[in-house]
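Chemist: Got a structure for you, questions after.
The values are calculated or read from the model by the stated rules, or taken from the named source; none is laboratory data. Please read all numbers here as calculations on a predicted model, not as lab measurements. Positions of Cβ are generated from backbone atoms using ideal geometry, with glycine treated the same way; all protein chains shown enter the neighbour counts.
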Amino acid sequence: MIALILQSRMEELGLTQDELARQLNKALLQITGRPGEISSRTIRNLLSGRHSRPIGRTCAALEHVFGCPVEELEFSAPGSMQRPPREDPVRRRDFIASTTGTAAAAAVPITKHRRSVGMSDVARATASMNELVAADDRQGGHTGLAAIALQGRSRVLELQQRNASDRVRRALYALAAEYTTIAAWSCIDLRELDRAQKYLHESTTFAGLSQDPSTGMRVWINMAMLAYQRRNWTERLAAAQAAEASLAARKDPFFGSMGRVRVALAHATLGDTRAAERSLGVAQSTLRKAGEEDHPRWTAFYGSAELDHLAAIILNHSGKHARAEAMAHHALARIPHTFRRNRGLATCQLALAQLRQGEPEQATQTAASVFAIMNGSPLPGRMRTLIGDFHRDLFSMAPSTTYARDWADRIRDEWSRA
């Protein structure tokens, strides 16, 4: 009879046959002080039902790894295993001695161990993280979001202290990187750049331990955005090129486009218009090649609409404001209304493009609509900076107009409310 429960428990913990054998041998080393000799062949025999009554040492190791009596795994314990009284949750030293058959085992105290971590734990932590990503889409980064993200990271790192398969450990490190990156991103949005730098360095370590390409990609993109906020143009280009060269970008056109447009943005800020437009064109053509594969929740913002928004930024930097206006209109026609922060940022680009084409009154009306888009939420720091750029340029162009004075009054009200 196939041991279906053992098989399902292995899947839950992300354990292959070889990994389970290693975990069992590690457990025996902890229990008896001697390394075990369980092989993947033993696991195959257990799974096939060939061994329905494992020897005592194997039973003890199974109970240690899975945190339950072997009977719950559909196995029969040998008669030599003396069960403690039902009301006593702690294994007795004589039980360990009987299962190992060695005097050395009797000298090893066994404490109650915490249950192993499985993919269901990973799924719960991922769901919580995705809620934070959705909150960021609506409102942008804020202090509360960063604090919650760091709490999530702490919980994930606590799970790392328990028994886990290699697959689960890598997934937990990826989550630690994701939570830390959310905190860093919130700080970038808030323009708390020193804190953002600290968190991004930490997330780089976790991303490396996770060996997850998309997680590493996200860190590089945030590095590029932080460098832009610090006005470090060469570092921005280097981080964007690292994203473009990443494994995720090389294997998946979706990520390839995401990396390439970051390179375009970096060239634009360096004043290399030709290189910026060339990279933008490649980003657009690469995105058209992307399939329908599932991607992490944090990538939901990216698609043809967001690429049009980023194109508007590139074209505004390049002085091609009419084309920038067109791209901003295209973006706003398709960016979902749930992505309020990105709609607000695209609207800022539209207002700047209109202003730089000599249409200050229309541009002022466009800029004022940002406050309605954000629906009373405080503007993230990056958006405030764009609004500040618009305000400065407006008063350079039309300082004494009625609409400029009305705009100044609106800004004072909004800033005081924030």
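Chemist: Which of the residues that make up the range 22-80 are without any contact (Cβ under 8 Å) to a residue 12 or more places away in the chain and touching a Gly at 6+ places or on another chain (Cβ under 7 Å)?
Modeler: 29
Chemist: Further, regarding this structure: Could you please let me know if residue 372 is assigned by TED's automatic domain parsing to the domain that holds residue 409, over 24 Å from residue 282 (Cβ atoms) and in contact (Cβ under 8 Å) with a residue 12 or more places away in the chain? Working first, answer last.
Modeler: Numbers: assigned by TED's automatic domain parsing to the domain that holds residue 409: yes; over 24 Å from residue 282 (Cβ atoms): yes; in contact (Cβ under 8 Å) with a residue 12 or more places away in the chain: no.
So residue 372 fails the test.
Residues are listed down the side, and each one gets a yes or a no for (1) within 20 Å of residue 239 (Cα to Cα); (2) out of contact with any Phe, Trp or Tyr (no Cβ under 6 Å at 6 or more places or on another chain); (3) of a type in the set (Ser, Thr, Tyr):
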| site | (1), (2), (3) |
| --- | --- |
| 265 | yes, yes, no |
| 269 | yes, no, yes |
| 273 | yes, yes, yes |
| 279 | yes, yes, yes |
| 283 | yes, yes, no |
| 286 | yes, yes, yes |
| 292 | no, yes, no |
| 296 | no, yes, no |
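Chemist: Being among the small types (Gly, Ala, Ser), out of contact with any Asp or Glu (no Cβ under 6 Å at 6 or more places or on another chain) and in a helix (DSSP H, G or I), is that true of even one residue in the range 289-296? Steps first, answer last, please.
Modeler: Of the residues in the range 289-296, the ones among the small types (Gly, Ala, Ser) are 290-291.
Subset that is out of contact with any Asp or Glu (no Cβ under 6 Å at 6 or more places or on another chain): 290-291.
Applying the additional criterion that residues be in a helix (DSSP H, G or I) yields none.
There is no residue in the range 289-296 that is among the small types (Gly, Ala, Ser), out of contact with any Asp or Glu (no Cβ under 6 Å at 6 or more places or on another chain) and in a helix (DSSP H, G or I).
Chemist: Out of the residues in the range 378-418 meeting the condition of being outside any helix (DSSP H, G or I) and farther than 16 Å from residue 360 by Cα, tell me which one is modelled with the lowest pLDDT. Let's see the steps before the verdict.
Modeler: Residues of the range 378-418 outside any helix (DSSP H, G or I): 378-380, 398-401, 418.
Still in the running and farther than 16 Å from residue 360 by Cα: 378-380, 418.
On the way: 378: 81, 379: 85, 380: 82, 418: 55.
Taking the candidates together, the pick is 418.
Chemist: Is it the case that the range 98-117 has a residue that's at pLDDT 65 or above, under 37 Å from the mean Cα position of the chain (by Cα) and assigned to a helix (DSSP H, G or I)?
Modeler: no
Chemist: Could I ask something else about it? Collect the residues in the range 394-411 that are under 37 Å from the mean Cα position of the chain (by Cα) and not basic (Lys, Arg), keeping them in residue-number order.
Modeler: As a first pass, look at the range 394-411 and keep what is under 37 Å from the mean Cα position of the chain (by Cα): 410-411.
Selection gives 411 alone.
Chemist: Looking only at the range 297-307, which residues are part of a helix (DSSP H, G or I) and touching a residue at least 40 places away in the same chain (Cβ under 8 Å)?
Modeler: The first filter runs over the range 297-307 and keeps only residues part of a helix (DSSP H, G or I), leaving 297-301, 304-307.
Residues satisfying the conditions are 297, 298, 299, 300, 301, 307.
Chemist: With the checklist (1) without any contact (Cβ under 8 Å) to a residue 12 or more places away in the chain; (2) crowded, with 24+ Cβ neighbours inside 10 Å in hand, flag the one item residue 201 doesn't pass.
Modeler: Checking residue 201 against (1) without any contact (Cβ under 8 Å) to a residue 12 or more places away in the chain; (2) crowded, with 24+ Cβ neighbours inside 10 Å, the one that fails is (2).
Chemist: Also: Are any residues in the range 181-223 polar (S, T, N, Q) and either in the same structural domain as residue 380 (by TED's automatic domain parsing) or assigned to a helix (DSSP H, G or I) (or both), and if so, which ones?
Modeler: Keep residues of the range 181-223 that are polar (S, T, N, Q), which gives 181, 186, 197, 203-205, 210-211, 214-215, 222.
181, 186, 197, 203, 204, 205, 210, 214, 215, 222 - these are the residues of the range 181-223 that are polar (S, T, N, Q) and either in the same structural domain as residue 380 (by TED's automatic domain parsing) or assigned to a helix (DSSP H, G or I) (or both).
Chemist: Select, from 275, 283, 245, the only residue that is assigned by TED's automatic domain parsing to the domain that holds residue 319 and buried (at least 22 other Cβ atoms within 10 Å of the Cβ).
Modeler: On the way: 275 fails: buried (at least 22 other Cβ atoms within 10 Å of the Cβ); 245 fails: buried (at least 22 other Cβ atoms within 10 Å of the Cβ).
Just a single option satisfies the conditions, and that option is 283.
Chemist: Test of understanding: among 367, 351, 324, 328, which residue is surrounded by 22 or more Cβ atoms within 10 Å (Cβ to Cβ), free of Cβ contacts under 8 Å to residues at least 40 places away in the same chain, closer than 17 Å to residue 403 by Cβ and among the small types (Gly, Ala, Ser)? Give the derivation first.
Modeler: On the way: 367 fails: free of Cβ contacts under 8 Å to residues at least 40 places away in the same chain; 324 fails: closer than 17 Å to residue 403 by Cβ; 328 fails: closer than 17 Å to residue 403 by Cβ.
On inspection, the qualifying residue turns out to be 351.
Chemist: OK, next. Might you check whether a residue that is over 17 Å from residue 296 (Cβ atoms), among the hydrophobic types (A, V, I, L, M, F, W, C) and part of a loop (DSSP other than H, G, I, E, B) occurs anywhere in the range 238-251?
Modeler: No: zero hits.
Chemist: Looking at (1) assigned by TED's automatic domain parsing to the domain that holds residue 217; (2) of a type in the set (Ser, Thr, Tyr); (3) assigned to a loop (DSSP other than H, G, I, E, B), which is the one condition that is false for residue 338?
Modeler: Only one criterion in (1) assigned by TED's automatic domain parsing to the domain that holds residue 217; (2) of a type in the set (Ser, Thr, Tyr); (3) assigned to a loop (DSSP other than H, G, I, E, B) is unmet by residue 338, namely (1).
Chemist: Within the range 22-32, restricting attention to residues that are polar (S, T, N, Q) and under 14 Å from residue 163 (Cα atoms), which residue is surrounded by the fewest Cβ atoms within 10 Å (Cβ to Cβ)? So that I can check it myself, show each step before the final result.
Modeler: Step one: list which residues in the range 22-32 are polar (S, T, N, Q), which gives 23, 25, 30, 32.
Those still in the list that are under 14 Å from residue 163 (Cα atoms) too: 23, 25, 30.
Numbers: 23: 25, 25: 16, 30: 14.
Restricting to residues being polar (S, T, N, Q) and under 14 Å from residue 163 (Cα atoms), the top hit is 30.
Chemist: A further question on this structure: Please find, among 85, 54, 35, 78, the residue that is at pLDDT below 85, surrounded by 21 or more Cβ atoms within 10 Å (Cβ to Cβ) and either outside the structural domain of residue 124 (by TED's automatic domain parsing) or not hydroxyl-bearing (Ser, Thr, Tyr) (or both). Full working, then the answer.
Modeler: Numbers: 85 fails: surrounded by 21 or more Cβ atoms within 10 Å (Cβ to Cβ); 35 fails: surrounded by 21 or more Cβ atoms within 10 Å (Cβ to Cβ); 78 fails: surrounded by 21 or more Cβ atoms within 10 Å (Cβ to Cβ).
Residue meeting the stated conditions: 54.
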